[in-house]
Amino acid sequence: MATNVTMPQLGESVTEGTISKWLVSPGDEVSKYQPLCEVETDKVNAEVPATFAGKVTELLAEEGQTMAVGELICRIQQEGDTATAAADDAASAPKQTEAESAPTSTPAKEKATSASTEDRSLKARYSPAVMRLAQEHDIELTQVAGTGKGGRITRKDILQVIEQGGTPATSSPSAPAAESQASTASASVPAASSTPSVSTASSGISLEEGDREIPLTTVRKTIAQRMTQSKHEAPHAWTMVEADVTGLVQLRKKIKDDFKQREGISLTYMPFFIKAVVDSMKEFPHLNSVWGGDKIILKKRINISIAVATDDALYVPVIHDADEKSVLGLAKAVHRLAEKTREGKLSMQDLQGGTFTVNNTGSFGSIASQPIINYPQAAIISMESIVKKPVIKDDMIAVRDLVNLCLSLDHRILDGLMAGRFLQRVKERLEAYGPDTQL
């Protein structure tokens, strides 16, 4: 019996996923838990495993196609049901007849189109991703035709509208406007063609010979959307202090080899930075808050997001209840999340619930930066590179290890006074470390 396989719920609030790559083909034998395909959501990449062993009979979604949770993506004939396949085929004849009434090359698309015309019960149910895109691009959702199940509007539908210049896809009343825009765009073509450029990208940017267009991945799109949202909605302010961490450098140098041998992981500065931040946040709880539209929400739990970069993306997994962990516990948590990020194994739980972000730009040599707030959090701190500098200490010139602590804050929630006092406490805590400090 060919059993339907649907897009699974990949996490709370995740309503759809884009199939980035099929890992099986029709006719392949699969075992239970074997990955069938790779899926990208707006939060995480994941694999969809087979929940039973059998033979793949049909792939019903294409690579690059966005499918809503619960939509059919493929069929698998379970082991031991070969004898009944013919009967099942007969039983499923009505469905096949429906399929045969349309071209067979793109069954999923045809199915979605058919569903959208027959059932519109879910048209008014919008996912967070759809609402965010619609708000950012000023799109009236009631004018958009949904191709999802029950007429639901998918993110792909909105992206298509955006590509068309923001004009809703359906649109009888606005059709003249669309035509007007199209004619305006076409009118500008001759002017553009008079330049030496070879062609024009969909963004309107001229392309010259040798230029390459790289399609955006789901993760890159999400990063772009969230960074834009943060800069548009949160009025950023920025401040920086310099800390003398000579004692911390001496301490790490003294214990790092034994730590590596004992714990099996390297001891970096990051857990010390996080420890100083979370201890200071207990004194300044407004730093551990989020913007709630018409209110400020002080968060009880201190969950620290840490920025982890890969070659092509940036992730911010979360250390939950970071204030309850020692430097050792934080070091293990940082190592675990960094490894999972690089291996592409982050779960939804790893990415949810952050209340403040610690960024370690010093790992690649930066000495000052203005990080963008991880919206809707109140602030983000960047720990810059530790560098040796000559300073005046006890009326003498001394060589010390200094680091800049850079804080971007949402000025709706925080003012400079509180942010400055918080930074001073972080600085004092980092400067309190010495070669004999007990962890």
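For the subset of region 12-58 comprising residues that are at pLDDT below 80 and in a loop (DSSP other than H, G, I, E, B), which member is surrounded by the most Cβ atoms within 10 Å (Cβ to Cβ)?
44
With respect to residue 252, is the statement that it is free of Cβ contacts under 8 Å to residues at least 24 places away in the same chain and surrounded by 17 or more Cβ atoms within 10 Å (Cβ to Cβ) true? Steps first, answer last, please.
Working: free of Cβ contacts under 8 Å to residues at least 24 places away in the same chain: yes; surrounded by 17 or more Cβ atoms within 10 Å (Cβ to Cβ): yes.
Here the answer is yes, as residue 252 does meet what is asked.
Considering only region 229-285, state which residues are among the hydroxyl-bearing types (Ser, Thr, Tyr) and within 33 Å of the chain's Cα centre (by Cα). Full working, then the answer.
First pass over region 229-285, keeping only residues among the hydroxyl-bearing types (Ser, Thr, Tyr): 230, 239, 246, 266, 268-269, 280.
Across region 229-285, the qualifying residues are 230, 239, 266, 268, 269, 280.
Looking only at residues in region 279-290 that are part of a helix (DSSP H, G or I) and either among the aromatic types (Phe, Trp, Tyr) or in contact (Cβ under 8 Å) with a residue 60 or more places away in the chain (or both), which one is surrounded by the most Cβ atoms within 10 Å (Cβ to Cβ)?
Of region 279-290, the ones part of a helix (DSSP H, G or I) are 279-281, 285-288.
Of the ones still in play, those that are also either among the aromatic types (Phe, Trp, Tyr) or in contact (Cβ under 8 Å) with a residue 60 or more places away in the chain (or both) are 279-281, 286-288.
Details: 279: 14, 280: 21, 281: 24, 286: 17, 287: 29, 288: 24.
Of everything passing the filter in region 279-290, 287 is surrounded by the most Cβ atoms within 10 Å (Cβ to Cβ).
Quick one: residue 376 ticks every box in (1) over 21 Å from residue 433 (Cα atoms); (2) modelled with pLDDT of 90 or more; (3) in contact with a Leu (Cβ under 9 Å, 6 or more places away or on another chain) except a single one, so which number is it?
Evaluating residue 376 over (1) over 21 Å from residue 433 (Cα atoms); (2) modelled with pLDDT of 90 or more; (3) in contact with a Leu (Cβ under 9 Å, 6 or more places away or on another chain) leaves (3) as the failure.
Scan 148, 166 and give me the residue that is modelled with pLDDT of 65 or more and either surrounded by fewer than 16 Cβ atoms within 10 Å (Cβ to Cβ) or more than 30 Å from residue 317 (Cβ to Cβ) (or both). Quick ask: steps written out before the conclusion?
On the way: 148 fails: either surrounded by fewer than 16 Cβ atoms within 10 Å (Cβ to Cβ) or more than 30 Å from residue 317 (Cβ to Cβ) (or both).
None of the others qualify; the one that does is 166.
Among the listed residues 354, 362, 293, which satisfies the condition of being surrounded by 17 or more Cβ atoms within 10 Å (Cβ to Cβ), assigned to a loop (DSSP other than H, G, I, E, B) and of a type in the set (Gly, Ala, Ser)? Spell out the reasoning first.
Values: 362 fails: assigned to a loop (DSSP other than H, G, I, E, B); 293 fails: surrounded by 17 or more Cβ atoms within 10 Å (Cβ to Cβ).
The unique qualifying residue is 354.
Among the residues of region 333-350 satisfying the criterion of being in a loop (DSSP other than H, G, I, E, B) and free of Cβ contacts under 8 Å to residues at least 24 places away in the same chain, which is surrounded by the most Cβ atoms within 10 Å (Cβ to Cβ)? Spell out the reasoning first.
We begin by selecting, within region 333-350, every residue in a loop (DSSP other than H, G, I, E, B); these are 343-347.
So of that shortlist, the ones also free of Cβ contacts under 8 Å to residues at least 24 places away in the same chain come out as 343, 345.
On the way: 343: 9, 345: 13.
Of everything passing the filter in region 333-350, 345 is surrounded by the most Cβ atoms within 10 Å (Cβ to Cβ).
Any residue in region 293-308 that's under 21 Å from residue 340 (Cα atoms): show its pairings with residues that are modelled with pLDDT under 95 and open to solvent by 90 Å² or more (accessible area, probe 1.4 Å) at Cβ separation under 9 Å, as long as the two are six or more apart or on different chains.
Pairs found: 308/342.
Just checking, which of 397, 381 is open to solvent by less than 10 Å² (accessible area, probe 1.4 Å), farther than 25 Å from residue 260 by Cβ and in a strand (DSSP E or B)? It would help to see each step written out before you state the result.
Values: 397 fails: open to solvent by less than 10 Å² (accessible area, probe 1.4 Å).
The conditions single out 381.
If I filter region 301-315 down to residues being modelled with pLDDT of 95 or more and assigned to a loop (DSSP other than H, G, I, E, B), which single residue comes out as most open to solvent (accessible area, probe 1.4 Å)? Can you show your working first?
Here is the first cut: in region 301-315, the residues modelled with pLDDT of 95 or more are 301-306.
Then keep just the ones that are assigned to a loop (DSSP other than H, G, I, E, B); that gives 301-303.
Numbers: 301: 119, 302: 12, 303: 9 Å².
Taking the candidates together, the pick is 301.
Within region 276-285, does at least one residue satisfy the condition of being closer than 23 Å to residue 351 by Cβ and out of contact with any Asp or Glu (no Cβ under 6 Å at 6 or more places or on another chain)? Spell out the reasoning first.
So the first thing to find is which residues in region 276-285 are closer than 23 Å to residue 351 by Cβ, and the list is 277-278, 281.
If we keep only those that are out of contact with any Asp or Glu (no Cβ under 6 Å at 6 or more places or on another chain) too, we end up with 277, 281.
Yes - at least one qualifying residue is present in region 276-285.
Being surrounded by fewer than 16 Cβ atoms within 10 Å (Cβ to Cβ), in a helix (DSSP H, G or I) and modelled with pLDDT of 95 or more narrows it down to one of 329, 247, so name that one.
Values: 247 fails: surrounded by fewer than 16 Cβ atoms within 10 Å (Cβ to Cβ).
When all the criteria are applied, what remains is 329.
Scan region 420-434 and tell me whether some residue there is in a loop (DSSP other than H, G, I, E, B), surrounded by 15 or more Cβ atoms within 10 Å (Cβ to Cβ) and not basic (Lys, Arg).
Taking region 420-434 first, the residues in a loop (DSSP other than H, G, I, E, B) are 432-434.
Cutting the leftovers down to surrounded by 15 or more Cβ atoms within 10 Å (Cβ to Cβ) gives us 433.
This time we only want the ones that are not basic (Lys, Arg), so: 433.
Within region 420-434, one or more residues are in a loop (DSSP other than H, G, I, E, B), surrounded by 15 or more Cβ atoms within 10 Å (Cβ to Cβ) and not basic (Lys, Arg).
Among the residues of region 367-378, count how many are in a loop (DSSP other than H, G, I, E, B) and either open to solvent by less than 10 Å² (accessible area, probe 1.4 Å) or farther than 24 Å from residue 399 by Cα (or both).
8
With the requirement that a residue be modelled with pLDDT under 95 and not hydrophobic (A, V, I, L, M, F, W, C), what does region 391-410 give you?
Scanning region 391-410 gives 393, 394, 395.
Return the residue satisfying two criteria in turn: it lies in region 316-326 and is assigned to a helix (DSSP H, G or I) and touching a helix residue (DSSP H, G or I) at 6+ places or on another chain (Cβ under 7 Å), and of such residues it is surrounded by the most Cβ atoms within 10 Å (Cβ to Cβ).
Taking region 316-326 and keeping what is assigned to a helix (DSSP H, G or I), we get 322-324.
So of that shortlist, the ones also touching a helix residue (DSSP H, G or I) at 6+ places or on another chain (Cβ under 7 Å) come out as 322-323.
Numbers: 322: 27, 323: 17.
Step by step, filter region 316-326, then rank; the result is 322.
If the Cβ limit is 6 Å and pairs must be 6+ apart or interchain, which residue in region 351-373 that is in contact (Cβ under 8 Å) with a residue 24 or more places away in the chain and under 17 Å from residue 319 (Cβ atoms) pairs with which residue that is in a strand (DSSP E or B) and of a type in the set (Gly, Ala, Ser)?
354/305; 357/305; 359/382
Working only within region 308-349, note down all residues that are on the phi < 0 side of the Ramachandran plot and of a type in the set (Gly, Ala, Ser). I'd like the intermediate steps shown before the answer.
Kept after step one, since they are on the phi < 0 side of the Ramachandran plot, are these residues of region 308-349: 308-320, 322-343, 345-349.
If the condition is that a residue be on the phi < 0 side of the Ramachandran plot and of a type in the set (Gly, Ala, Ser), then 309, 313, 322, 326, 329, 331, 333, 338, 347 are the ones that fit.
The values are calculated or read from the model by the stated rules, or taken from the named source; none is laboratory data. Small disclaimer: the values here were computed from a predicted structure and weren't measured. No Cβ is skipped: glycine too gets one built from the backbone with ideal geometry, and neighbour counts run over all protein chains shown. Surface accessibility is based on the protein's heavy atoms, side chains included, excluding ligands, DNA and RNA. Shrake-Rupley method; radii C 1.70, N 1.55, O 1.52, S 1.80 Å.
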